[in-house]
Each structure stands twice: as C-alpha cells, then as structure tokens.
Amino acid sequence: MAMEGDKLSGAATATAAVIALTCFFALAISVRLIKLLLVNRKREKSCYLNSESKPQSTFKRVLAENSYSQFKHLKLHASDLQADEECTNLHPYEGEISRLINNPNVEILECLYGDDYECGGSTMGCSFVWVDSETGLRELVEVLSEVRVFAVDTEQHSSRSFLGFTALVQISTKRNDYLVDAIRLHDMMGLLRPAFADPGICKVFHGADNDIIWLQRDFHIYVVNLFDTAKACDVLSKPQRSLAYLLETYCRVSTNKLLQREDWRRRPLSGEMIEYARTDAHYLLYIAHCLCLELNRQKNENSSPGDKFRFLLEASRRSNATCLQLFTKYVEACPGELAAASIISRFMNDQENISGLCNTKFQEIVRLLCTWRDIMARLHDESLRFVLSENAIITLATKIPTTEIEIRSTISKADEDSEFTTPFPYQSPSPVVCSHLEDLICLLRESVSKIGDVFQLFVQQHLGPGGSCPLSAYNYALMSKSNLRQAYRSTSIHTRFRVSKQVAKKASRELFVQKFSCKSPVYHNCKIYADDGRLLCYCDRRKLEWYLSRNLAKLVEDDPSSIKLLFEPKGRPEDEDNDFYIQSKKNICVGCGEANHYLRYRIIPSCYRIHFPEHLKSHRSHDIVLVCVDCHEIAHAAAEKYKKQIAAEFGIPLFVLKVVNFDETHHIPTSSLPVETSGEVGVSPLELRTAAMALLRHGPRMPSQRREELMQIITKYYGRRETSEEDLERALMVGMSPHERRKFGKKKGFTFKHLRINEYLNDEEENNIDSKTNISFQNASTDEISDSLDSNTGETDQKQYYEDILMVKDTGVTTEPSSSCIGGNNTVFSANSSYMNSAVKNIPGSELASDPNYNNIFGNSSISAGQVRDSSLKHESKLSLLGHGPHGKQVVEYLLKEYGADGINQFCQRWRQVFVEALHPRFLPAGWDVMHSGKRDFGEFSVYNPANKFGDVSDT
Ligand code: AMP
Ligand code: ZN
Ligand code: MN
C-alpha cells in the first residue's frame, strides 16, 4: 500500500505523516503477530482432517448426522410436520405397506412370472450405465417409471464414517444395468424416491434388511412393494439362502463375496468391483422369476386350488414386512457407555483375578476412553473401530501410559497383538489419536474425571471457536444446545442412575444375543428315508451319523445328507396322523420370523420336564422351538407367571420356603419339627444366601442397623446366636445343587477364607441339567448372566456349557439322570457332605393351597401342603433348593400319581397354550399343535429307545 505523504508539505504535516506511518506499521505488525500466534495455536493442535479430505465432506446435506439427536424420517404431509415430532417419526409409507401385507395382491407380482425372462438371466454383456450426473440420474428415473419391476443392491462404506454411507446403488432392469454413484449424486438421490415408493413397481432385492435401512438413512428413500429373494428361499425351505448359492444354482455364476469388503468409495471402481456390483443386481430378476414359479408350483402339490398363490403371497408378505423397518440412530444418554460395558464384561470374562481397587480404576478409564472415542468418532466422522480398537482401550486402561511416546507404542502394540489373523486393517495409532494425543494424556492422567466433563471439554475444545477440528455437515449439530444438554444430563446423578440401568439392560441384551444365540443353523434338515424310499423324518447330522456308524443305514444323498434305513422302522409318520415330524424346519424365530439370532426355547419348563418319565419326553422336537431373544423374553416371562399359577393351583410353592440347620449332633428329622414354631425357625434358602453374600462383601461398611437385620436371617438358619465368618461362607452354599456348588467354587472374584471349597465339590459326579434352563436376560443382570456362564474355564468348555443349557439334549439317559428318581431308587442321592444335614421343610397351611378357588383342569384336586411335606425331601441333594427344581419334581410326581401319563399330556398342552397366548407365534412349523400327543413307539433301533444309549440328539 502506498502512502500519500509526499503530496503534503510542512513540519506539521510531516509529523502527522510519521505518526500515521508508525500507527500503520504498529497495526500491521500486531495483526501479523496475532495471526502468527493463531496459526501457531492451530498448528499446535492441528487435526489430521485439515490436510485430508474425505468424500463425504462434499455432501451438502446429511440426513443422519453424528449428533445425539434422533433421526427425522421423511414427512409426506404438511400436517405431519406440524404435529409433535416425537409422535410422528413414523414410517411415511406405513399405510401403503400395511395394505400390501394385509391385502396382498398378486397383480403387482405378475411381472415376476412374465414370459420375457431369458434363461439363466442371460450373461452380463460389457455394457452398463455409469450414472454420475444429474442428467443421467433423471434419465434413469424416466426409465424406472416405465417398468413393472427392477432389481436393486447397494454397497456402503463404513470404516471411515461414523454411521456409514451408501457409496453405490446398483439398479438392474430387464434391459440394462445401472451403477449409480451415490457419493457424487448424494444430494440428488431423492429423485429416485417415487420409483422406490411406487406400489405398482416391484423392487427385487436379496436380503434387503440393510439396504432398506441405508436408503432411508442417506436419501429418505423408502421401499414399497418388495420381493426379497432371501425371503422366498425361506418360504421354499431352500437349503441355503445366500445370493452366492442362488447365483450358482440358477445362473451358474460364481461370485467372490470377499469383494463386499472393498473400499466402495474408490473412483474409478476397478473392473473387478464393477463386475461384482453388477452381478449382485443383474441376475436378481431372473432368480426372482424362478423362485416365483417354484412358489406357485408348491401350491399344486400341497394346497387346495383355492389358495393358488399362497406361497408367493407369503413371500411377498414377509418381504414387505421388512420394509416397515425404520432407521433409528442408536442414542446413548451417556456416550460410549454401552461399548464400555461390553468391553468391561469381555475383559472380566478373560481375566483370572483383578483386585477390587485396580478393577474400579480400570473400569473408570475404559469408560472415559469409550466416551472420548465416541465423541471423536462423531466429530471426525470415523468409525469407532478406526479411532481406537477395543484391544487398545483395554491395554491403555491396564497399563495406563502417560507420555505421548508410551501411549503411541501401547496402542500400536495392542493392535499388533490383536487376534486378527490378517494384518491389522487400519493405521495404528489412528490419525485421530496421533493428532489429538494431548486428549489421551489428559484422560489417562485423570485430569478429567467426570464423563460429563469429557463431553463438554472436548466438544468445546475441538469444535468451539478457534477449535482444532473442522466443522462439517456431520458434526456441527454436536455443538447445538440440545445436544450439549443431552450430555449434561448424564452428569446428574439422578438421571445417570436411570440411564445406566437402561444401558445395562441394552448391554446385557447384546451380550445375551452374542452368547446364547445359536451360531450355526440348529436344524440341519438331514433326511431319513425308510427302506421303501418313504420320507420318515428330518433330523440333524449327528443322529444321522449315529445310524451310519452302526451300519443301520446307508447314505443316499448329499447336501443335505440323507440316509435310508436298512431295517424296517416301527411305524410310519402317517400312521400317527401327524406330519409334524416330516416337516423341514426353518432356522427362524417361530414367533416373529427373525433369522439373525435365535435360541432354543423349551415350551415345557425344564423344572417339570426333567422329571417326566422317559417315554413321555418323546415329543422333544415338538416342544422345543427356536425363538429370537425378544420373543424368548416374552415367552419366558409368561412361563414364569404361569409357574406361579401352577404353584398356587397345586399348593406346591415355587421355592423351598424354609431351611434350618441343626448341629450335626442333634439333627431333628423334618417331620418332627413342631409346626407352630415354624414362624421363627428357618429361612428361605434364597434369602439366606443373599444375606450371607451381602454380609461377606459389604458387612463392615454397612449401616449397623442393616447389618443387624441381615444377621438375624443368618441366625434363623443356624438356630444359634453367634455366627462366624465361616458360617457365612457355609451359608452361601445352602440349597445349592452339587452342580451349582461346583460352579460357584470355580467362580472368579470370590475367595473363601475359611472353607476349603474343593471338599464341597468333589462329591458325586453329577451331570444334572441346571433347572433354570430358560434364562432371562432382563431379569438377570449382566452379572448373573456371566455367573451362569462361568461354570467352565476353557473357551470351548464354556461354549459347550451354553449349548448344554440351551440346546436340546433330551435323550435322557446321559443328560438327565433325574428320571431315575421317579422310580424311587434314591440311593444315588445319598448325602455325604456336611450341609446335607440341613433339614428342609415346607410350611404347611400355605394360604394358596387351602384356597378352595384354586381349581384346575384336573378337577377339584388341590393337594394339601401336608402332602407336599410328606413327600420326603431328604434325598433331594441333587436338586437345587434355590431354583424351581423341588417344585417341578413334586408337581410331576403328583400328576403321575393322580392321572398317570394323561396328566402329563394335559399338563404339556397347558404349557403350549401359555406359549401360544404369550407370543402369538406366526412361524410355527406346520403340524405343530397345542394338543399334540405324538405318541410314538420306539423301535428296536430308535435312538430314543432307552435301550440304545444315544448321546446328543438335537432334534427329531
Ligand atoms: P453385498 O450386497 O453383499 O455386496 O453387501 C453390501 C454391503 O454390506 C457392502 O458394501 C459392505 O459395506 C457390507 N458388508 C456385507 N458383508 C460384509 C462383510 N462381511 N464385511 C464387511 N462389510 C460387509
Ligand atoms: Zn480433530
Ligand atoms: Mn452388493
């Protein structure tokens, strides 16, 4: 800039000029200085994103950003916009989709069995349309408006994005394949909305669940009128439902599914990726066509002409049901808490012993790191995994490094050592960590201790004015007041408590799904044919091998394996007027059809069933069904409620009411206990155990009043005033079955100071099934779940154990020795350890038992509690007194005595009714029946013939 001083003259002017000049330079210098300072500050905490650009940063509009506020679904009508948002975050096409489900219309599917499908779907030519301009997209929209059906698949990218985003949408019509660049056209993809929502156009997907959610999340695209080829496979009971299988079977095309993990952000796409992406959509129309024809053929064989399209419509119904799903953001009130809970529980399961103090600190650091990771992932739009791995979190929380160098090396070491067989797929430590190391130092030195502080601190520091990290469409909403409030909320103790309960529930559900659900299909659907080629039944592979290994059958087919029996079986399925046993069973939840996770559910609770005589246990496959975790929860709750009703009806309490300990020297037999003192003498085993545990763990720190109350419970049991710590430890195990005692003895985290636990464990070798077989995740805390899992130490043993408690292992002889107690031969139960001297008694005159209103289907036959007491419990050492075992045994004994086998059959029917009323299951196998009696004689070679001791049969 030039000064104009030379035009001026005179001293005064010169002086003025000097002053002006000085001022100018001073100003210029200070501005530069400030700038320099600012730059330095920026450089000091420069974020890697300042020098790296990610494809999603070009998106102008992001529907699902990374804040903690809920996703807003498309609003079609102005009235929806005005109404309260919470209430109207509904599916915009719920009405249309429900209509398709409730009044299915074959016409909209006619396009699928038209005659213009080329055999094999015709091989893909080399031409396809790459759509990456608005014009191209508009042309495609035009094309789609003219067709009756098109096929769709999508590819998404998830590692360098918090929620993931759709990178490519493949659309195939009968004429052409279109690859839509959903990154380039991100802000215009809404143009496709009408075609996807048009009920007159059928959309074919394979396994649409994810795609449907992703299209909603990124583009507000909703699918109406879906034909999902995977659902069609389910309806047809295809042996496999993968796209690879269908491509192979119908089109003789093989595909390399490894490509689904490619980085779909890449442009241009490689030839291989283009080929893969096209393949995923191109053949779907032809495959759907073939499946349609098969669905319509099924009608001819199995059903009346009246419901000609029954199977096709069922496939369509199931497909459209998936369209009703809504994308929701998973919002935690306390960011990262669920991940922390899962990491902590995983770590606890792995660790032998961590002392209490270390443990608290460890957990605290894991929580802080998870919160930090959650914020940083949202702020930089990266996946959690990319920011910091679970292994790294665990190692940081164990080693607690505090310098930059140590932190870096701890993280990279942890990732090197991770169980990845392939090289660790990300940079370690991640650029997020490297450019924000000061945050970790701060966290690990515990300069911030409250999780709420972490949130404020880092969001402000990184995104606030002069913050280190760039603002983007993904993260700006993190700064908004409502979001900060969301995070502050977690600092209030009151809400934190409520919130962590929710979080704990979610975490335990996740854990439950992960640990209990069956990892491989339960039903193998192997077939057993009779000599004359008639299909006898479906079974699992082990059963099949059992016959093969004994030369009782020969293999006749592979995949699925089928055998032909070499002997004449006793009876045929049709003799029994029951096609249940020849149904091929589907690996889905019988309640809702969920196929991703399921576990076995016993309709007749095990506490009863294990006491059934062997020949009445034969309908095992009928009464053990697959249910998803959520349906399991509903069914389980109903069963627990019904057990209470049974208890009342029969006057047989669910829990053993009282136990009393008398010194070995003057042991008084049960029957001679004076009834009138029962109010004061004895205590429930559950109450006793809880009190003892509380006293051992927290005794010294308890308010003295509470301690006194608990001590009274212990005193009631021992019948004497002074009790030692050893007594408390002994009390912990009162009422446990040997199995539970063993489990408890091996449990980590509790050390007996006074008892040599092994003495209590090495008694009878029992292989009794835990009576509380149907576990509930909601009623059990995470702790209890892991309790019930910890019975074995080894990984595989542990896995076997879950299977033991959840799988069908009802062949009786090996797994359920309890059947022998029905026969009255009780010698195996002879007690030989000291606490067997506990006398057990039920309190007579229970109100419920004497209530004349408790009638049951067996007539007016409530048994008196006296009978209960009389049926001696002295030999019940095998049964846990903590669960419902003794109750179940007495109920079954009573039924057998009064009504014999019919009593048991009716009892089973009642339980099936309870199950049906609780779940309204829509996917029970055909032939399943509440009234099922399934009387089957066991042939000479049957695996169920008690003479043939057969290990593990999963199903009939
Ligand atoms: P597909 O339609 O089978 O090609 O899968 C669609 C998208 O799902 C892919 O683009 C991936 O983002 C994701 N995906 C599916 N399977 C996997 C996997 N095994 N690992 C990682 N991502 C997967
Ligand atoms: Zn940053
Ligand atoms: Mn695909």
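The values are calculated or read from the model by the stated rules, or taken from the named source; none is laboratory data. Computed from a predicted model, the values in this text were never measured in an experiment. All Cβ positions, even for glycine, are placed from backbone atoms using ideal geometry, and neighbour counts span all protein chains on display. With ligands, DNA and RNA removed, areas are computed over all heavy atoms of the protein, side chains included. Shrake-Rupley method; radii C 1.70, N 1.55, O 1.52, S 1.80 Å.
Need one number: nm distance between label points at ASP558 and LEU293, each 7 Å from Cα along Cα→Cβ, rounded to one decimal.
Going from the ASP558 label point to the LEU293 one covers 2.7 nm.
What's the ranking of 431-442, 699-710, 638-649, 727-738 by average number of surrounding C-beta atoms within 10 Å, highest first?
The most tightly packed comes first, giving 727-738, 431-442, 638-649, 699-710.
If R0 is 25 Å, what FRET efficiency do you get for ARG99 and SER69 from their C-beta distance, rounded to 0.05?
Once the sixth-power term is evaluated, E becomes 0.20.
With r as the distance between the Cβ atoms of ASN89 and GLU917 and R0 = 30 Å, compute the FRET efficiency 1/(1 + (r/R0)^6) and round to 0.05.
Working from the Cβ atoms, E equals 0.45.
Using 0.36 nm per residue, how much length does the chain from LEU535 to LEU76 gain when fully extended, once their Cα-Cα distance is taken away?
159.9 nm
Which pairs in the list LYS617/LYS889; LYS644/LYS716; LYS238/LYS527; LYS361/LYS743; LYS644/LYS889 are over 18 Å apart, alpha-carbon to alpha-carbon?
LYS644/LYS716; LYS361/LYS743
Hey, if you put +1 on the Cβ of every Lys and Arg and -1 on every Asp and Glu Cβ in region 372-421, which of ALA414, LEU379, ASN391 ends up farthest toward the positive end of that dipole?
LEU379
Stretched out fully, how many nm does the piece from GLU708 to GLU142 gain, at 0.36 nm a residue minus the Cα gap?
Full-extension gain reported as 195.7 nm.
For each pair in LYS543/LYS564; LYS641/LYS897; LYS60/LYS257, compute the distance between the two Cα atoms and list the pairs where it is over 23 Å.
LYS641/LYS897; LYS60/LYS257
Okay, which of region 197-237 sit inside 15 Å, backbone N to the point 7 Å along the Cα-Cβ direction of ASP307?
235-236
Could you look at region 231-289 and say what percent of its accessible area is carbon and sulfur, using a 1.4 Å probe and all protein chains?
C and S fraction of accessible area: 45 percent.
Can you give me the distance in nm between label points at ASP630 and LEU548, each placed 7 Å from the Cα along the Cα-to-Cβ direction?
Each label point is offset 7 Å from its Cα along the Cβ direction, giving 3.9 nm.
Determine the per residue accessible area of region 162-226 with all protein chains present and a 1.4 angstrom probe, expressed in square angstrom.
Spelled out: the 1.4 Å probe surface of region 162-226, per residue, equals 25 Å².
Quickly rank 150-160, 63-73 as a protection proxy: mean count of other C-beta atoms within 10 Å, highest first.
Ranking the peptides 150-160, 63-73 by packing returns 150-160, 63-73.
Once you place label points 7 Å from the Cα toward the Cβ at ILE405 and ASP902, how far apart are they in nm?
8.7 nm
Given H placed on each backbone N at 1.01 Å, which residues far from PHE227 in sequence or on other chains put an amide H within less than 5 Å of it?
The list, which skips near neighbours in sequence, is LYS203, VAL204, PHE205.
Quick query: amide H of SER161 versus all other amide H atoms, modeled in the peptide plane; which residues come in under 5 Å with a sequence gap of 5 or more or a different chain?
SER383
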